[in-house]
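The values are calculated or read from the model by the stated rules, or taken from the named source; none is laboratory data. What you are looking at is a predicted structure, and each value in this text was computed from that prediction instead of being measured. Please note: Cβ atoms are built from the backbone with ideal geometry, for glycine as well, and neighbour counts cover all protein chains shown. Side chains are part of the model used for accessible areas, which takes the heavy atoms of the whole protein and leaves out ligands, DNA and RNA. Shrake-Rupley method; radii C 1.70, N 1.55, O 1.52, S 1.80 Å.
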Amino acid sequence: MQRMFTLKERIHGSDVPLLFRWQQTLGNYLATTGQDHVVRIWDRHGQLEEEIHLAGNYTAMEWDRDGDVLCSVCEKSSFLHMWDANQKKVIKVESGAKDTLTFLSWSKNDLHLAVGTTKGNLILYDHKIGRKVPILGKHNKKIFTGNWSNDNKLALGGMDNMVTVSDVNGKTLNQFSVRDQPSLVKFSVMKEGSRVETVDNTVSLVVGKKTLFFYKLYDPDNKVELAFQSQYGKIEAYEWYGDGYVMIGFSHGNFVAISTHSKEIGHELFLVRNHHDYLSSIAISPVLKYAASCGDTSIRIHDLRELSEINAIINIEDEPKGLKEIQWTTDGQLLAVSTARGGLHCYLTKLPMLGDTFGTKMAYLTSLLEVTVVNNVEGDPPMVVGIDVEPAFVACGPYHVAVGMNNRAWFYPLTEGETAKSKDHEYLGTIDNMSLNADYAAVLFEGKVQLHAINHDLHTAVEERETKLFPERPEFGKILSSALTNDFLVYATDTGSLHFFFIEDWIQVNIFHHMTTIKSIYPDTSGSHVALIDDKGEGVIYNPVNDSTLEIPSLPSNVQGLLWENNPFDKGVFIVHDDVDIYTYLFHRESIKGPHVSLVGKTHLPFTQKPLLLHNGSLTLQLASGKTTSLLLDTHSFLKVSEENNEQQVSNRKALEQAVSLHRWREAWKICSTLDDKQSWFRLGASAIHALDVDLAIRVYRCLSDAGMVLALEKLRDVEDSNLLAGSLASYIGEFDLAQDLLLASSHPVAALDLRRDLMDWDVALQLANRLDMKQIPYIAKEYGQQLEFTGNYTAALSNYEKAVTRKANYKSHDEICMAGMARTSLRLGDIRRGVHLAMQHPGRSLKKECGAILEGMKQYAEAAVLFEKGDFFDKAAAVNIKCKNWVKVGQLLPKVTSLKIHLQYAKAKEVDGKYPEAAEAYHNAKDFDNEIRIYLDHLRDPEKAVKIVKESGSTEGAKMVARFFIKLGDFGSAIQFLVLSKCNEEAFQMAQQHGQMETYAEIVGDDATMEDFKSIAVHFENDKNHFMAGKFFTKCGEYARALKHFLKSSPFNDGQEALEEAIKAVAIAKDNNLTQKLIDFLLGEADGKPRDPKYLFKLYIAIEHYSEAARTAIIISKEEQNNGNYRLAHNLLFSMMKELRARKIKIPLEMESNLMILHSYILVKSHVKRGDHLKAARMLIRVAENISKFPERMVYFVNFVRLMTWLVLCLARG
């Protein structure tokens, strides 16, 4: 807190603490007195105004309730020294008392003064009429404390330990005694229950500086005395505050708050030790809601709304002996504290919140005689302007700052260096408000506005423009608010008129009449829009260009001010504030909804802070201390998020909503880029469309890769008609009713009709077509009819179809669609004849199908069948004829019917009628082979046909029926065959066992049975000693050892060769070395001494892929065959073996290759001879002859034949 002035120690001649009192109400003067017998009166700035000399030491000094008169009394004098603050003169009034005057107190209601004396006498003095009423013996001893109540009761305390309560005439109403010396007598209200008291009903006082005593005037017998802990010390001071609460200061530094409510009386609400050594005084400012205590060398200030919070601490280090008494002015602006050495310090605790702005320049009061001008936005250094008076207002312009009070104003030019004061101006009344621009000042006083040049020297050439008084005519009424822009003076009157005066032309250019009184106006920086607040608390934005007004929604009930945003990026943003909250609004100059105002959000306004300037969402607030602070509006918190580069999704989404709501597109784009999700981009795109910002919307939808929207927006870039543009954009975001209204108001209203057609809103489209384009009615009626038909409103649909028919050759297709609709709806409405007639005439097949289905649903089968047949829907026609039992017609349609279901229904019907051949044929066409077989077996007795059908169709159920038929005939072999076909293997097996048909069953089963079936067959053959068949089926079921056993047992019999080959297959499949060795031993005769043909061994080796052994075996076999003369067989054996070995990339034995070559040469001889190539034949024979030992059967023949061929070759050689 700022120290205003200091009265040096011993200002009153000694280091004894002085007595001081602030002027009541106004607080313009401070009266002090001390041991030098002088009362000194100082102004608020510490300048001495008056000195009053007393005859002796002071005994009391007090101001009256209005601060007009200061009264002081002293020893050795019976005079009352009265100083008149208005006339600034001293008046001495003789009290008439014979003893020393010791006490005085002014009434709180009037100019009654109570004066007490040393002997306990009382003098009541009415200063207004100068009457004195002496009352002797009010107390027995010295009266030294007392106070007046709000209803003019007087409580006095004396050294006789008595307290009296008297009326204004001195009559004693109550009196009571206390245990010790009373002090600090006060009146207040003590609450009892829920009863609301407005009149002081309690006398409170301190008894012996130890207890707090309460005397209830309404209940004299129920006295309350509160004692406190001894560690607190003595009671130095106490004050009532709030709703029956008491603040008490104790000598040991404790600061206590208690309640006097009946249910909690004496309860300590708050306790703190404010001072270490001692506390000397406390004071409360109801205006500031602050409590202060002084002690030691410091002052501590608490907020009454939250006592635990210390608002300020003032340390006075240059007062080592400490502080004595503290007192606030009535308005709470100044706080004075006296010191133990006879000095006094005065502090500024609250400045009048006076300030003004022009653009981004601010001027505000920083001290009682100092104004600071700053422009933080442009970075200009602060300029401090010293002023001559404590102002009642401050006005700021681009080049001047003005202050003033009453009817005078002082203008200070804002120049670099020392500021010079221009001439002061006097006006015809007390100034209520002032506005400045570069050249002029507009001063509002007593319902008038005076517009004058600030510097008359610059306007001497145009005298008529120096000054002008408004309103120009009396009927305009009394001016309540005015404002000055660069170009206009704007003022509002109590008749609801708003006037615009153009300064350049010096003429009134516009008048707007509001429906009620305009209380305040707030033009934007250019003056193109003005915010009005009327006496109903409603607000509007007025546009003087077109006389339009826009309501400000959700306006607080107690508007204290309105500020427009000074940042060009926030154009249209303004705030409205009351005492508690700040409301942020956006004025939409252009949008799809037209110009309007929207509430963006709300921010809490800190207590006792006044908004001065709004720039870029940062609100500059003026504090009571004369300083400023800034507050970022909650609606602009996205600026802080953007600066901190916060990546949190939730914060960024909230920031995006704020940026979009304020049309801060640049910040919104950055946030969307950070979030990078479709939802955010769509939000930004929709907002850009709402704001008619087509270019931004195109950029956004390009980021979304929405080519369709980009192309649509590109087409709107050059649209100049704002309604057409807004309507088109509204349709893009789904606000179709708004879009229609805008398009109808545009230069191209048919676009509204096109919109409704695109939306298939046919009812509205028809209404619009009647107004805008009659030619479109048939096409819209057709579409509307289709929609109504779909929703089941057939009557309206038929009406629209009929309306849509054009009967024009060029629109044949259109008319056909309408006729089809008429046909369908006529049928739906029961007009069957007309519907069928229209459907038969219509060229389309699909309509006949649709109408046939409708008739079928209505159970009009005959008509439905005719339409189906006419449309070549033979299946549907046959089905409908079946429903109406028209079998003759069904039979005629059957050749064209493809539906199996219909054939089946027809077959069943014929079967019921006993027409079995037709039924069998119909079943066959329906592919119901089971029923066809049943008909042939049960009714037509044609098993051959049934068997043929079973074999062709593979029908399982049919096979069962045929099997049962053959069982009845005793043909068990055929029955088994068809049981197997029907997958009844178990039944077939049992039948084969019972009737000795197992081999038949086995042959039929083949490889299609299960392992269990194969094993059952094998066991059966095993039991019947049929080793060959048992071996085959044990092989099929995977029991290869048992299979080999039975094959070997079967080999000596007729099927031995086949048995050995099956045994080789079984061993090859088993891949079991033991089984393989067992078979080899058998083939070599190891078991019974009877070797088998080597070809089986060869086949075994081939089967088990032992190719080297197979090759050796093949050579042995081929030699044996050669020896037996079977040369071709031997050749084939070797050749096949050689191919097998080559295929498996196995090395061919040389012996095999040589033997094959010789055998091949032998076989080729006959071929060469037949062809007449004797030379080659001779060479082949020579090769054979060289190996003649390998052909023992033809040895003699070969020798003779070789000789003959040799002779023949020699003869041919010799010619």
With the first residue restricted to segment 380-402 and required to be modelled with pLDDT of 90 or more and small (Gly, Ala, Ser), and the second required to be open to solvent by 10 Å² or more (accessible area, probe 1.4 Å) and assigned to a loop (DSSP other than H, G, I, E, B), Cβ contacts under 7 Å at 6 or more apart or on different chains are Gly397/Ala438
Filtering segment 134-176 for residues that are open to solvent by 20 Å² or more (accessible area, probe 1.4 Å), in a strand (DSSP E or B), more than 15 Å from Ser105 (Cα to Cα) and out of contact with any Gly (no Cβ under 7 Å at 6 or more places or on another chain) leaves a count of 5
Item to check | Residue in segment 884-898 that is open to solvent by less than 60 Å² (accessible area, probe 1.4 Å), among the small types (Gly, Ala, Ser) and modelled with pLDDT of 75 or more present | outcome: no
>> Yes or no: segment 757-772 includes at least one residue that is in contact (Cβ under 8 Å) with a residue 24 or more places away in the chain, part of a helix (DSSP H, G or I) and within 17 Å of Ile592 (Cα to Cα).
In response: no
In segment 177-213, residues that are assigned to a strand (DSSP E or B), in contact (Cβ under 8 Å) with a residue 24 or more places away in the chain and closer than 20 Å to His139 by Cα total 12
Exactly one of Thr795, Thr825 is over 21 Å from Leu753 (Cα atoms), within 52 Å of the chain's Cα centre (by Cα), surrounded by 14 or more Cβ atoms within 10 Å (Cβ to Cβ) and among the hydroxyl-bearing types (Ser, Thr, Tyr), and that one is Thr825
Within segment 486-520, residues in contact with a strand residue (DSSP E or B) (Cβ under 7 Å, 6 or more places away or on another chain), farther than 27 Å from Thr357 by Cβ and aliphatic (A, V, I, L, M) come out as Ile511
Discussion item. When you check Val600 against the structure, is it assigned to a strand (DSSP E or B) and in contact with a Phe, Trp or Tyr (Cβ under 8 Å, 6 or more places away or on another chain), yes or no?
Written reply: yes
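May I ask you to say which residue of Gly594, Gly539, Gly601 is under 35 Å from the mean Cα position of the chain (by Cα) and farther than 26 Å from Leu632 by Cβ? Explain how you work it out, then say what you get.
Values: Gly539 fails: farther than 26 Å from Leu632 by Cβ; Gly601 fails: farther than 26 Å from Leu632 by Cβ.
Residue meeting the stated conditions: Gly594.
Which strands (runs of 3 or more DSSP E) sit wholly inside segment 503-544 and have at least 1 residues that are touching a residue at least 40 places away in the same chain (Cβ under 8 Å), out of contact with any Ser or Thr (no Cβ under 9 Å at 6 or more places or on another chain) and open to solvent by less than 30 Å² (accessible area, probe 1.4 Å)?
Values: elements: 507-513, 518-523, 530-534, 539-543.
Result: 530-534.
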Exercise for review: For Val576, indicate whether it is in contact with a helix residue (DSSP H, G or I) (Cβ under 7 Å, 6 or more places away or on another chain), modelled with pLDDT of 90 or more and in a strand (DSSP E or B).
Suggested key: no
Within segment 480-502, restricting to residues that are assigned to a loop (DSSP other than H, G, I, E, B) and over 14 Å from Val449 (Cα atoms), the one that is most open to solvent (accessible area, probe 1.4 Å) is Asn486
Of the listed residues (Lys98, Lys119, Lys108), the one being touching a Ser or Thr at 6+ places or on another chain (Cβ under 8 Å), open to solvent by 50 Å² or more (accessible area, probe 1.4 Å) and farther than 26 Å from Leu226 by Cβ is Lys98
Can you find a residue in segment 247-256 that is among the aliphatic types (A, V, I, L, M), open to solvent by 10 Å² or more (accessible area, probe 1.4 Å) and within 25 Å of Val224 (Cα to Cα)?
-> no
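Any idea which residue in segment 296-337 is nearest to the chain's Cα centre (by Cα), counting only those that are at positive phi and small (Gly, Ala, Ser)?
Gly332
Grab the strands (runs of 3 or more DSSP E) fully contained in segment 264-367, keeping just those with 3 or more residues being modelled with pLDDT of 90 or more and in contact with a Cys (Cβ under 9 Å, 6 or more places away or on another chain).
281-285, 323-328, 334-339, 355-358, 361-367
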query = Can you find a residue in segment 613-628 that is over 29 Å from Arg3 (Cβ atoms), within 27 Å of the chain's Cα centre (by Cα) and modelled with pLDDT under 85?
reply = no
Taking segment 445-482 and keeping residues of a type in the set (Val, Ile, Thr) and at pLDDT 90 or above leaves Val449, Ile479
Picking from Leu612, Leu562, the residue that is over 19 Å from His663 (Cα atoms), in contact (Cβ under 8 Å) with a residue 60 or more places away in the chain and part of a strand (DSSP E or B) would be Leu612
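Got a sec? Which of Ala659, Ala655, Ala688 is without any contact (Cβ under 8 Å) to a residue 24 or more places away in the chain and closer than 22 Å to Glu714 by Cα? Don't jump to the end; show me each part of the working.
Details: Ala659 fails: closer than 22 Å to Glu714 by Cα; Ala655 fails: closer than 22 Å to Glu714 by Cα.
Going through Ala659, Ala655, Ala688 in turn, the sole match is Ala688.
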For this session: Could you please let me know if Ser625 is in a loop (DSSP other than H, G, I, E, B) and open to solvent by 20 Å² or more (accessible area, probe 1.4 Å)?
Result: yes
Only unsatisfied item for Ile689, checking (1) within 30 Å of Ala395 (Cα to Cα); (2) open to solvent by less than 10 Å² (accessible area, probe 1.4 Å), is (1)
Across (1) closer than 25 Å to Arg179 by Cα; (2) not in a loop (DSSP other than H, G, I, E, B); (3) not acidic (Asp, Glu), Tyr218 clears everything bar (2)
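Let's see how each residue does on (1) assigned to a loop (DSSP other than H, G, I, E, B); (2) closer than 30 Å to Ser625 by Cβ; (3) open to solvent by less than 20 Å² (accessible area, probe 1.4 Å):
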| site | (1), (2), (3) |
| --- | --- |
| Arg3 | no, yes, no |
| Arg10 | yes, no, no |
| Thr32 | no, yes, yes |
| Gly56 | yes, no, yes |
| Asn86 | yes, no, no |
| Phe103 | no, no, yes |
In segment 58-84, anything open to solvent by 20 Å² or more (accessible area, probe 1.4 Å) and assigned to a strand (DSSP E or B) is listed as Tyr58, Thr59, Glu62, Phe79, Asp84
Of (1) within 23 Å of Phe868 (Cα to Cα); (2) of a type outside the set (D, E, K, R); (3) surrounded by fewer than 17 Cβ atoms within 10 Å (Cβ to Cβ), Asn810 satisfies every one except (1)
